[in-house]
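Participant: Let me give you the structure first, and then I'll get to my questions.
What follows is calculated from the coordinates using simple rules that are stated; it is not laboratory data. Just so it is clear, the structure is predicted and the values come from calculations on it, not from any experiment. Reconstructed Cβ throughout: ideal geometry from the backbone, glycine too, with neighbour counts over all protein chains shown.
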Amino acid sequence: MLSKEEKLKQFEQITRRIVMDWYERVKQSYVTVEDSRDLGVEPELKYFHRAMTHRIKFSRQKELDVTYGLGVSRTDEQIVVESSVNNKSEGFDYEGFVNGLKFHYWRSRNEKPWTHPDFDHFTYEDLLLFEPVMGKSVGLDKRKDKADIIRLHFEVNPQHEDILLGRKDILRDLIEDYCLAPVKRIYAESYRGS
């Protein structure tokens, strides 16, 4: 049986891979740090890693400036997956963003997206506890002269850690499809509406 630290490390490797693969998929459409040296322009796409969090930043002058994060941490009892978005947009509708999250997660929490027999009876909520309410699972860190950070915390059900780590492909899909993809989509919708 794996220790909590070993489990956390395996979760972290999956979140790292998700963000790195995302970077690899989109880098042809943006000026990367490597490209910027040759072209003499500012990079439009960057990848960062710090502690247990991985970030990807998209920026185009006067058009786009957003950083998404995906990471893991641990409380005494459980592993927590954190997705985040750094917002620098003036007048961004935080209430609309949180309401979009609420609508999506209240609707999807009881879905059973898996066909594999070991997982087909689980809902998203069985595996990851997330209450899309500001101050509960959603946090907002407003910072003067810096980007505001919106963080979502998904608590991994400790009873299902081992089965998830036994099927890393399903765990990766769970994190990518449930913790990250909706944040990207709902943020983009809220950003365009601001």
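Participant: Could you give each residue of the stretch 94-101 its phi-based ³J(HN,Hα) in whole Hz, using Karplus coefficients 6.51, -1.76, 1.60 with θ = phi - 60°, and x for Gly or Pro?
Facilitator: Whole-Hz 3J(HN,Hα) from phi for the stretch 94-101: 5, 5, x, 4, 5, 5, x, 4.
Participant: Starting from the amide H of residue 65, placed 1.01 Å from N in the peptide plane, find each other amide H under 5 Å away whose residue is 5 or more places distant or on another chain.
Facilitator: For residue 65, whose amide H was placed from the backbone, the distant partners under 5 Å are 60.
Participant: Give the total of Lys-Lys pairs in the stretch 76-173 with Cα-Cα distances below 22 Å; include a pair only if its members are 8 or more places apart or on different chains.
Facilitator: On the way: 88/142; 88/144; 88/146; 102/112; 102/136; 102/142; 112/168.
Step by step, the pairs that qualify in the stretch 76-173 add up to 7.
Participant: Please report, in Å, the Rg and the Dmax of the stretch 16-101, where both are computed over Cα atoms only.
Facilitator: Radius of gyration, then largest Cα-Cα span, for the stretch 16-101: 15.2, 49 Å.
Participant: Which whole-Hz ³J(HN,Hα) couplings does the stretch 171-182 yield from phi under the Karplus relation 6.51 cos²θ - 1.76 cosθ + 1.60, θ = phi - 60°, glycine and proline marked x?
Facilitator: Taking θ as phi minus 60°, the curve returns 4, 4, 4, 4, 5, 5, 7, 9, 9, 9, 4, x Hz for the stretch 171-182.
Participant: Above 17 angstrom, tally the Cα pairs of the stretch 86-157 and express them as a % of all pairs, no decimals. Intermediate results must be reported in sequence, preceding the final value.
Facilitator: Working: 1338 of 2556 pairs.
Pairs farther apart than 17 Å: 52 percent.
Participant: Ignoring solvent entirely, what values of log10 I(q)/I(0) come out of the Debye formula for the stretch 53-97 at 0.28, 0.31, 0.34 Å⁻¹ when each Cα is a single scatterer?
Facilitator: Results for the stretch 53-97 at q = 0.28, 0.31, 0.34 Å⁻¹ read -1.00, -1.07, -1.14.
Participant: Looking at the stretch 42-146, which GluC sites (Glu not before Pro) are DSSP coil and have at most 14 other C-beta atoms within 10 Å of their C-beta?
Facilitator: Details: sites: 44, 63, 77, 82, 90, 95, 111, 125; in loops: 44, 63, 77, 90, 111.
Those satisfying the criteria are 63, 77, 90, 111.
Participant: Give me the percent relative contact order of the stretch 4-193, please, defined on Cα pairs under 8 angstrom at least 6 residues apart. Could the numbers behind the result be given before it?
Facilitator: Values: 281 pairs, mean separation 38.4, N = 190.
Once divided by the residue count of the stretch 4-193, the mean separation gives 20 percent.
Participant: Can you give the helix-only mean residue ellipticity at 222 nm for the chain, where every DSSP H stretch with n ≥ 4 adds -39500 (n - 2.57) and the sum goes over all residues, rounded to the nearest 500 deg cm²/dmol?
Facilitator: Details: 7 runs with 75 residues, N = 194.
Using -39500 (n - 2.57) per qualifying helix, the result is -11500 deg cm²/dmol.
Participant: Next question, about the same structure. Might you report the magnitude of the Cβ-based charge dipole of the stretch 1-123 about its Cα centre, with Lys and Arg at +1 and Asp and Glu at -1, to the nearest 20 debye? Kindly include the intermediate steps, with their values, before the conclusion.
Facilitator: On the way: 20 positive and 21 negative charges, 16 e Å.
With only Lys, Arg, Asp and Glu charged at Cβ, the dipole is about 80 debye.
Participant: Across the chain, how large is the tail of the calculated P(r) beyond 22 Å, expressed as a percent of all Cα pairs?
Facilitator: Details: 9305 of 18721 pairs.
Of all Cα-Cα distances in the chain, 50 percent exceed 22 Å.
Participant: Gaussian network model of the chain, Cα springs within a sub-10 Å range: biggest mean-square fluctuation belongs to which of 78, 61, 13?
Facilitator: Result: 61 has the largest fluctuation of those listed.
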